[in-house]
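Visitor: To start, I am sharing the structure in question, which I have written as structure tokens.
What follows draws every value from the coordinates through simple rules; no lab data is involved. Being a predicted model, the structure only gives us computed values, none of them experimental. Virtual Cβ from ideal backbone geometry, glycine too; neighbours counted across all protein chains shown.
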Amino acid sequence: MLKDTVLVRASVGTLAKLKLVNLKVLEEPTTAYLLQYSERGCYAQCRFCLQARNSPKSTREWLGRVTWLSVSIEELKRSWSRVFYRVCLQTVIKPLFHLEALRIVRELRSVDAETPFSLAITPVNIEILKAFKELGVDALGVGLDATTQALFEEWRKPYSWNLYWRFIEKGVEVYGPGNVYVHLIAGLGESLKEIVETMKKVYRHGCGVALFAYTDARGVTSVDIKHYRLAQLARYLLENGLDPDQYIDYEKKIVKRELPLNNVLEAFYTSGCPHCNRPFYNEGPRGPLYNIPSQRVLRDYLEKLKAELRSVGVEI
């Protein structure tokens, strides 16, 4: 049975933009980021996630480098204003989580029926996906996270590798090509070739990629920046219908020929659903900036980015 009062977690940047906390942020989120609340944590035991049930309770207010504070859905509704381009709800695994998530979407839709809505969810049956779509969810996020089956098992993802891929297919069936975004985390031990091969498979399924850099329990991201920049370039090449194999030497970790892209800088913005910028989710403001959240931040970081790109053979 669902509780009368439903709590959610919201990123501190989301709450600041809704004036629920008094905090000046360095870069505002363009999406309202919500995370399902669970007193006992997520029943999954993903080794990279601070929401996992075997993580200390004190870490539940953290995901990535971001603080997530609890708020009742009623308070969120009272404070709601249409200052975001998108709303994103990320679920956790707990009893009846899909019913609670449906209620959260329904409640928010009662005060805002227009803002596009994304749902990030673990595998559920196709009827549940259809129910979310009927409430106005138009984009689906799937946290495959690991880029090989061996890493998937090593990092203790729930369910199975094959089940996730079947779920990705179901997602495309319900939401349509181009509306499903597979989350991949760079820095879990994969080679550059492995992450690119998985991205190719994602695009063959009619999906996009939301790329993250692994952030450990201390909030530290130490992913090799060359590895990440080349993964971003590969994703952007695929997004533009090009084969990364023709442009990237995976062994030498270098771009081996000129890139036929009008604006290569687009590759380094935050990837994922439309208007998802996740400010400083994977990085501190001093950098290195793995995912760049805005044009303003890009301008400030441009000289450092140029140096990073020169190290992989790209001049801009």
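Visitor: Indicate the gyration tensor shape class of the range 2-126 (rounded, prolate or oblate), computed on the Cα atoms with a ≥ b ≥ c the square roots of the eigenvalues: a/c under 1.5 is rounded; otherwise a/b larger than b/c is prolate and the rest oblate.
Guide: oblate
Visitor: If you find the alpha carbon centre of the range 222-242 and of the range 1-56, how far apart are they in angstrom?
Guide: Using only Cα atoms, the two centres lie 28 Å from each other.
Visitor: For Cα pairs less than 8 Å apart in space and 6+ apart in sequence, what is the mean separation divided by the residue count of the range 7-310, i.e. the relative contact order in percent?
Guide: 16 percent
Visitor: Same structure, new question: Going 7 Å from the Cα of ARG156 in the Cα-to-Cβ direction, what parts of the range 208-230 have a backbone nitrogen less than 13 Å from that spot?
Guide: none
Visitor: Determine Rg/Rh for the chain; Rg is computed over alpha-carbon atoms and Rh is the Kirkwood hydrodynamic estimate from the same atoms.
Guide: 0.95
Visitor: So if we plug the beta-carbon distance of VAL83 and ARG103 into 1/(1 + (r/R0)^6) with R0 = 30 Å, what FRET efficiency do we get, rounded to 0.05?
Guide: It comes to 0.85.
Visitor: 7 Å from Cα along Cα→Cβ at both TYR43 and LEU26: what's the point-to-point distance in nm?
Guide: Here the answer is 3.8 nm between the modelled labels.
Visitor: Describe numerically, in nm with one decimal, the distance between label points set 7 Å from Cα along Cα→Cβ at GLN295 and at GLU169.
Guide: Taking the two extended label points, one gets 4.2 nm.
Visitor: Given a Förster distance of 22 Å, report the FRET efficiency between VAL111 and ASP4 from their Cβ-Cβ distance, rounded to the nearest 0.05.
Guide: Efficiency for this residue pair is about 0.75.
Visitor: Further, regarding this structure: Modelled label-to-label distance, GLU239 and LYS304, 7 Å Cα→beta-carbon offset: nm?
Guide: Roughly 2.1 nm, to one decimal.
Visitor: Report the paramagnetic label zone for SER70: residues of the range 13-43 whose backbone N is under 13 Å from a point 7 Å from Cα along the Cα-to-Cβ axis.
Guide: 36-42
Visitor: Quick one: length gained pulling GLN246 to ASP216 fully straight, 0.36 nm per residue minus the C-alpha distance?
Guide: Using 0.36 nm per residue and subtracting the Cα-Cα distance, I get 7.5 nm.
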